[in-house]
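Read through the structure below, which is laid out as structure tokens, and then see the notes.
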Ligand code: DC
């Protein structure tokens, strides 16, 4: 039997499920490094935008390899926030990659096989250091199939939409709940039905449906699970 990869925790799941909040707290508790793999796809998308590599909103496949070679993504600890910021080619892009422009095209970028290959390579490299909690869509299925612990997160669509609505309206954005529900459904469909590494629960992942759980309850759930995991290995 293959030994599990010692200190890697994979957190996969649907968008707007609170994966990053949960994964970040786990990392803090275990003194692990939290890595947001979605940020890497977002940084690649930003590179495509900034370098005019989009044709009518779609990535230009000509010279793709050449462009990919020029993408250098790193995570650097921000001493003020205590979190890892995403850097693209020597520039801190943590806030730029969260904007609407990137959000609008990142799904397309993340479907390109060459882009995925490059990101998976980088993710595995980061994983070599150990002590990593990584969240995304294919971490337990493709990137670290031998991760020590795999968690797959889901929540009811309406609950996820209401959380997102609250988050956006608190930021002062004018959005409609109906619109958000539609957007979540579309993103789920794209994540689950893409050809490359579609979103699916790994057979050995533990399901966490947090529709009716506060973050404190999720952490209690995690502590129990971690105790059992440490006991087993
Ligand atoms: O989690 P997020 O919304 O920041 O992810 C951004 C995009 O990247 C989203 O379209 C899903 C995709 N993604 C992926 O394909 N594989 C991952 N491991 C992480 C994110």
On the first, second and third principal axes, largest extent first, how far apart are the outermost C-alpha atoms of the range 69-127 in Å?
-> 35, 29, 19
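Quick one: compute the contact order of the range 1-126, relative version, from alpha carbon pairs under 8 angstrom and 6+ residues apart, as a percent. If you can, show how the numbers build up before the last one.
Numbers: 99 pairs, mean separation 30.0, N = 126.
Dividing the mean separation by the residue count of the range 1-126 yields 24 percent.
For the ranges 82-90, 96-104, what's the packing order if you count other beta-carbon atoms within 10 Å of each residue, average per peptide, and put the highest first? Numbers along the way, then the final one.
Working: 82-90: 16.1, 96-104: 14.4.
Averaged packing, sorted descending, gives the order 82-90, 96-104.
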Only helices counted: for the chain, with every DSSP H run of 4 or more residues adding -39500 (n - 2.57) and the sum spread over all residues, [θ] at 222 nm is -14500 deg cm²/dmol
Prolate/oblate/rounded call for the chain, Cα gyration tensor, a/c under 1.5 rounded | oblate
Could you give the nm distance between label points at residue 171 and residue 69, where each point is 7 Å from its Cα heading toward the beta carbon?
-> 3.6
Per 10 Å bin, what is the whole-percent P(r) computed from every C-alpha pair distance within the range 45-89?
-> 25, 40, 23, 12, 0
Highest-first arrangement of 183-190, 199-206, where packing means the average Cβ count within 10 Å | 199-206, 183-190
Mind ordering 14-23, 60-69 by average Cβ neighbours within 10 Å, highest first?
-> 14-23, 60-69
Computed over the range 115-198, the distribution of all Cα-Cα distances in 5 Å bins, rounded to whole %, is 3, 12, 18, 16, 15, 14, 14, 6, 1
Can you give the alpha-carbon Rg of the range 14-104 over 2.2 N^0.38 Å, where N counts its residues?
-> 1.20
If one computes P(r) from the Cα atoms of the range 1-67, what percent of pairs lie at distances over 14 Å?
-> 70
So, with points 7 Å from each Cα along the Cβ direction, the residue 49-residue 125 label distance in nm works out to 2.4
With an 8 Å cut-off on Cα pairs and a minimum separation of 6 or more residues, tell me the relative contact order of the chain in percent.
-> 33
What list do you get for 181, 139 if you sort them by fewest beta carbons within 10 Å?
-> 181, 139
Between the range 1-62 and the range 159-212, how many Å separate their Cα centres?
-> 15
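The numbers here are math on the coordinates, done by the rules we state, and not lab data. Owing to the predicted nature of the structure, the values given are computational and were not obtained by experimental measurement. Reconstructed Cβ throughout: ideal geometry from the backbone, glycine too, with neighbour counts over all protein chains shown.
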